[in-house]
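The structure under discussion appears below in the form of structure tokens.
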Amino acid sequence: MAAFAFPPAHQAYLLQARQMQALSFSVHIPLVCFGIALPAIILYVEWCYLRTGDMLYRTLAQRWTRIMVALFAVGVITGTILSFEMGLLWPNFTATFGSVFGLGFAIEGFSFFIEAIFIGIYVYGWGRLSPRMHFASGIPIVVSGITGSFMVIAVNGWMNHPSGFRLVGGKTVDVHPVAALFGNSYFWHELLHMYLAGYMVTGFLLAGAYAVGRLRGRWGRYERTALAIPLTIAALAAIAQGPVGDWAARDVATTQPIKLAAIEGLGTTTKGADEHLLGWYVDGRVKYGIAIPDLLSLLAFHNPNATVQGLNTVPPDRRPPVNVVRVAFQTMVGIGTLLGLIAVIFLFVRWRHKRLPDSVWFYRALVFAGPLSVVALISGWVTTEVGRQPWIVYHVMLTNQAVTGASGIPVSYGALALVYLAVACGVAWVLRRLARVPIDPGQLSPSQAAG
């Protein structure tokens, strides 16, 4: 096996290093969602303004632009920290495989600079550029937001399904970066899964903010429009997420069977394997769960009699932490189902009655939908990354072979947690200030200003 080419590093703080990296990802990934989706939503709203001349859309685009700038600035902080962590925490990984995935990170870096430049032009250009030129200046923001995340997802897909190189004596040779990044099967479903999640998180969080206003009695045309646009986008993404998730799960069943076994808590290889809802994995099986006969085989292989590989087919030190993966996966699926239900209700009322839902319970649910979508997002990444353990590059390099041997990890971990706490407080303060900026009645027609 290729993993024998790499000696394990002597690091007493491997778990803390993993937790430190996980903390940074958990903070950064929701910001990536806004980088993917918010520029496109803003540009759509500005296009509505150009098409109709309705100043309400222009006002929305301007106010949401302020949010985009604030979150981009925070993303710079968290993204920079992640970049340093890749080299400092996992030096053997970057040294060995940098020639494989380096192209992806290089393109991601160029995308970041292009995005920063055009955000500056877009913000400064309000009232200074012609309406069409201003709209055009937003297109590179959308494109660079996509290409930057596109490359990071490609690298992660490669880590889950490595290809495009050979190992000779622990060195990478015959490297084909394009084939490595885009030729692996994981890339495509991870890309769609993450992009749909980006629109879900952004849409539900934006809509949830206006749902709070609805519950507090602020419900003019401005608020209704500001809620309907992101909620429609999030609802469509939530419904599309189901088939994409099924595609991803079936690919996992084929290429990472131990991850699938951890997701279910399947201790032994089984023909016609059951699916367990809830429950806890202990002593090789799931206890206290609700078993649905043959469902795991049906979902994984579209055959209720298919054989599913169990955890007992690999040594204990080659298995991921089962309950962490199980809970994360079931959390993601459970929340995704609830969000899909909200989406169906909203789209049905919107299509059937040509209006927004009236029930106060719908808006109460919508307030929680945004934070829950973030929990589902992070749970999905926990499933993907922890489910791959103990491998940092699947079946090629173990995580304990990639980690640094340096000391001081616990101190750095504590300092990082304090930094993120300060950043979170700062973001909350900034967003609260932006939300309280009054809408200039001069930007709306008298009827719109009155609601």
Open item on the list: Helix-only mean residue ellipticity at 222 nm, the chain, DSSP H runs n ≥ 4 weighted -39,500 (n - 2.57), per residue, nearest 500. What is it?
Closed with: -25000 deg cm²/dmol
- [ ] Please sort through the DSSP H helices of the chain and keep those with an alpha-carbon extent of at least 20 Å along the long axis and a Kyte-Doolittle average not below 0.5.
- [x] 14-52, 55-89, 91-124, 131-160, 185-215, 322-353, 360-386, 409-436
- [ ] Output the direction-averaged projected area (hull surface divided by four) of the convex hull of the alpha-carbon atoms of segment 125-276, in nm².
- [x] 15.5
TODO: Kindly identify segment 218-290 as rounded, prolate or oblate by the Cα gyration tensor criterion: order the square roots of the eigenvalues as a ≥ b ≥ c, call it rounded if a/c is under 1.5, otherwise compare a/b with b/c, prolate if a/b is larger, else oblate.
DONE: prolate
Task: Taking the convex hull of Cα positions in segment 34-178, its mean projected area over all directions (nm²) - done: 9.6
Open item on the list: Quick check for you: with a 1.4 Å probe and neighbouring chains kept, what is the accessible area per residue of segment 122-228, in Å²?
Closed with: 42
TODO: Could you do me a favour and compute the accessible area per residue for segment 252-396, 1.4 Å probe, result in Å²?
DONE: 49
Open item on the list: Using a 1.4 Å probe on the protein heavy atoms, what percent of the accessible area of the chain belongs to carbon and sulfur?
Closed with: 68
- [ ] Just round it to a whole percent: the fraction of Cα-Cα distances in the chain exceeding 44 Å.
- [x] 16
Task: Viscosity 1.002 mPa s, 20 °C: Kirkwood-radius Stokes-Einstein D of segment 279-415 over Cα pairs, µm²/s - done: 114
TODO: State the percent of C-alpha pairs, over all pairs in segment 184-254, separated by a distance greater than 19 angstrom.
DONE: 45
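The values are calculated or read from the model by the stated rules, or taken from the named source; none is laboratory data. Computed from a prediction, not measured in an experiment: that's the story for all the values here. Just the protein is used for accessible areas: all its heavy atoms, side chains included, with ligands, DNA and RNA removed. Shrake-Rupley method; radii C 1.70, N 1.55, O 1.52, S 1.80 Å.
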